[in-house]
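Notes to accompany the following structure.
The values are calculated or read from the model by the stated rules, or taken from the named source; none is laboratory data. All of these numbers come straight from a predicted model, not from anything done at the bench. Note that each Cβ is placed from the backbone with ideal geometry, even for glycine, and that neighbours are counted across all protein chains shown. Ligands, DNA and RNA are stripped out before the accessible areas are found, and what is left, the full protein with its side chains, is counted by its heavy atoms. Shrake-Rupley method; radii C 1.70, N 1.55, O 1.52, S 1.80 Å.
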Amino acid sequence: MLALELTNLRKTFVAPDGQRVPVVDVPEFRIDAAQQLALEGSSGSGKTTLLNLIAGILSPDSGRVLVAGIDLTGSSEPQRDRLRARHVGYVFQTFNLLQGYTALENVLLAMAFGRGVDRAYAGHLLERVGLGHRVHYRPRQLSIGQQQRVAVARALANHPTLVLADEPTGNLDLRHAHEALGLIRDICREQRAALLLVSHDRSVLAEFEVVRKMNSVNLAALTLAAQSAGGVA
Amino acid sequence: MTGGLGGIWLMVRRSLRQHAMSTAITCVSISLATGLTISVFSITRQTRDAFTGGPVGFDAVLGARGSQLQLVLNTIFHLDASPGLIPWTMYEEIRRDPRVELAIPYCVGDNYRGFRIVGTTEEVFTRFEYQAGRRFAVQAARSDAAGPSPTTAPSRGPRFFDARRAEAVIGSFVAQQSGLKFGDTFNPYHGTVFSEGEKHAEKYVVVGVLEPTNSPSDRVIWIPIEGVFRMSGHVLRGTGREFAAEAGREIADEHKEVNAVMIKLRSPQLGMQLEQQINKQGKVATLAWPIGKSMAELFDRIGWVTKVLTLVAYLVIVVAAASITASVYNTINERRREFAILRSLGARRRTVFSAVVLESATIATIGSLAGLAVYVGIFAAAAGIIRRQTGVVLALGPYDAALVLVPAGMIAIGALAGLLPAWKAYATDVATNLAPLS
């Protein structure tokens, strides 16, 4: 079974001048179960929009998104929310941890909306990312690197089929970036979750066996790049 | 299996803690609104019940021509002034009436330090039931007290007064407030309002302190009716001419007057006939019957006060509900990113919506529970004032529907107050609110 399948996926935004600007145009894209794949793309290549479409946070104008064989595009918003909770783990560049909640509560809340709360497993995940002694700390009381690891544990909370990582190491220094990347990859492998990572960092991309350029996946990326280049000139 | 409930509850708890200050202030305003509203409902109802339906040992009161309400207030509740006097013969007549089981004359007009002195017969102790099956009883002398001074000590122990002596039996509230006790002596003062210069020369000895009855009688000093007739300065006008009693000589009945006759009928239905006879056909006296009706009329007349109080209570509830809306609504803007993150974790719009509604309802619940304590406080204060002024005792104990309905209503209103902020949270866009750094 494929972890992810995109077919003729299109999304446009309305620019300030009233013109519709294509942001995502993916004729076809697939990730196998438990496969790890990196997309090379800079900001402005439509990468966050693409990931939000895959996660069901945004709806496409046309085309199909299948996660774990389930069609998101034919689903209602509550169904997409449910699907996201159960099948997709999301690691953001800015981590997006809930500030008022402890590390453990961040993981437990994700479980509450997904497959149900499993305290033992939440504890195990935090243990696994090396935060067994920090479960009751709030994000502000943790270092940047530790916050990133809470985000990783949270993304894996519901045994997802697919983990999306948007520049997950963008806020880390070189050494921590390398560590964090290793952790994400190992833990996805252990959990048999597929991993789709988007980054423009060559040292990150170099660690992946399969790397694809955003331009080759998202045809709109070329026009976007041309537009921003034109804007600068 | 979505397990959303635990998540929602965690969201509510965290949010309440993060906004502890505004939560606390809102809870206080809710508790005041709840406490005030329960108090208005409960105290109004209880006061009405106590005055109108309260157990009274009499069926009717006979007094001078005038207001039935005034007669009842003066004789049952020992408030207000007496409407006037009726001749002794009228008392004798009604006492012998076959429809009347018990008739007790009251003579008022004196006080001791503000506590009214009622001249009456021993029957008030021996035959009158202030509540079905309950008669006045004197308290045993307290052994811990210093004891009566040897010169004034009544020869026997605590008892009811002897109709031929200057003896008094005092209510429990009188004893507690004035300090008078078994064996003490005191001088009555003229008038129903205490004035230092109006002291009578006679000395009365306290021969008994009554057990508490939780009724207006607790505020009364009972003396023999003959004592009132003979009190220095009192003048009897039963014959139309002034007559002053002389020591050691009988007073002819024709001179005697009484303020009221308390009547217990052989059957309550007989009151109708008697009322017809005295109020409609007769011209000299008034029969207040049934007693509860006069009091109900009083409450109907002051009904607008209750309406205003109720309106105020409702308005306070509206203000409190608005304070919930305002305090929760204010937090929604700063929580947009949090809602977006929760949504990205798989929380549905309706989960976020429910969490905000539940948060408002929780604030209302905490406030309502605290409101019960506020109610107890207001009740104690109000009951104290009512007791001091009227002798009527309100009890906190009895179940009142307002105790449940008002908090339940407040919680429902609290949930409603959360709808607007909840809608704002519901409408939060995930993609646009996820992006920025904290």
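Structural remarks
- Antiparallel %, DSSP beta bridges [both residues in chain A], to 5: 50
- Computed from Cα atoms, the angle from the helix B:291-301 axis to the main principal axis of chain B rounds to 50 degrees.
- Under the Karplus curve 6.51 cos²θ - 1.76 cosθ + 1.60, θ = phi - 60°, whole-Hz ³J(HN,Hα) for segment A:111-122, x wherever Gly or Pro sits: 5, 4, 8, x, 8, x, 6, 9, 4, 4, 5, 4
- Accessible-area value, B:H234, 1.4 Å probe, nucleic acids and ligands omitted, Å²: 30
- Under 14 Å, Cβ to Cβ, from B:Q276 - net charge with Lys/Arg +1 and Asp/Glu -1: +1
- Rounded, prolate or oblate (a/c below 1.5 giving rounded, otherwise prolate when a/b exceeds b/c) for segment B:56-142 by Cα gyration tensor: oblate
- Quotient of Cα Rg and 2.2 N^0.38 Å for segment A:1-93, N being how many residues it contains: 1.08
- Distance histogram in 10 Å bins (all Cα pairs of chain B, percent per bin): 4, 17, 21, 17, 12, 10, 9, 7, 4, 1, 0
- More than 24 Å apart - percent of Cα-Cα pairs taken over chain A: 44
- Accessible area, probe 1.4 Å, largest first, for residues B:W304, B:W222: B:W304, B:W222
- Distance between segment B:398-438 and segment A:112-181 - C-alpha centres, whole angstrom: 32
- Across segment B:60-289, the relative contact order, built from alpha-carbon pairs under 8 Å that are at least six residues apart, equals 32 percent.
- Buried between B and A is an accessible area of approximately 2500 Å², summed over both sides with a 1.4 Å probe.
- Calculated [222 nm] ellipticity per residue, helices only, for the protein assembly as shown: -14000 deg cm²/dmol; basis is -39500 (n - 2.57) per DSSP H run with n ≥ 4, divided by all residues, nearest 500.
- In segment B:171-233, the ratio of gyration radius to Kirkwood radius, Rg to Rh, stands at 0.96 when only Cα atoms are counted.
- With respect to chain B, whose longest principal axis is taken over its alpha-carbon atoms, helix B:303-334 is tilted by about 20°.
- Accessible surface for the protein assembly as shown, divided over its residues, is 45 Å² per residue with a 1.4 Å probe.
- Sorted largest first, extent of segment B:1-101 alpha carbons per principal axis (Å): 86, 33, 15
- In this structure B:R48 has an accessible area near 80 Å², from a 1.4 Å probe over the protein heavy atoms.
- Once divided by 2.2 N^0.38 Å, the Cα radius of gyration of segment B:271-397 becomes 1.95.
- Heavy-atom accessible area order for B:W9, B:W423, largest first, 1.4 Å probe: B:W423, B:W9
- Working note: Cα gyration tensor of the protein assembly as shown, eigenvalues times five, square-rooted, sorted largest first, giving semi-axes of 91, 25, 18 Å.
- Cα pair distances in segment B:60-289, grouped into 5 Å bins until the bin that holds the longest one, percent each: 1, 7, 14, 19, 20, 17, 12, 7, 3, 1, 0, 0
- Here B:C107 sits with roughly 10 square angstrom of accessible surface, probe radius 1.4 Å.
- Share of carbon and sulfur in the accessible heavy-atom surface of the protein assembly as shown [1.4 Å probe, %]: 56
- Mean-position separation - Cα centroids, segment A:1-80 and segment B:75-129, in angstrom: 96
- Rounded to the nearest 10 degrees, the inclination of helix B:402-417 to the longest alpha-carbon principal axis of chain B is 20 degrees.
- Considering segment A:130-225 at the alpha-carbon level, its Rg and Dmax are found to be 14.8, 48 Å.
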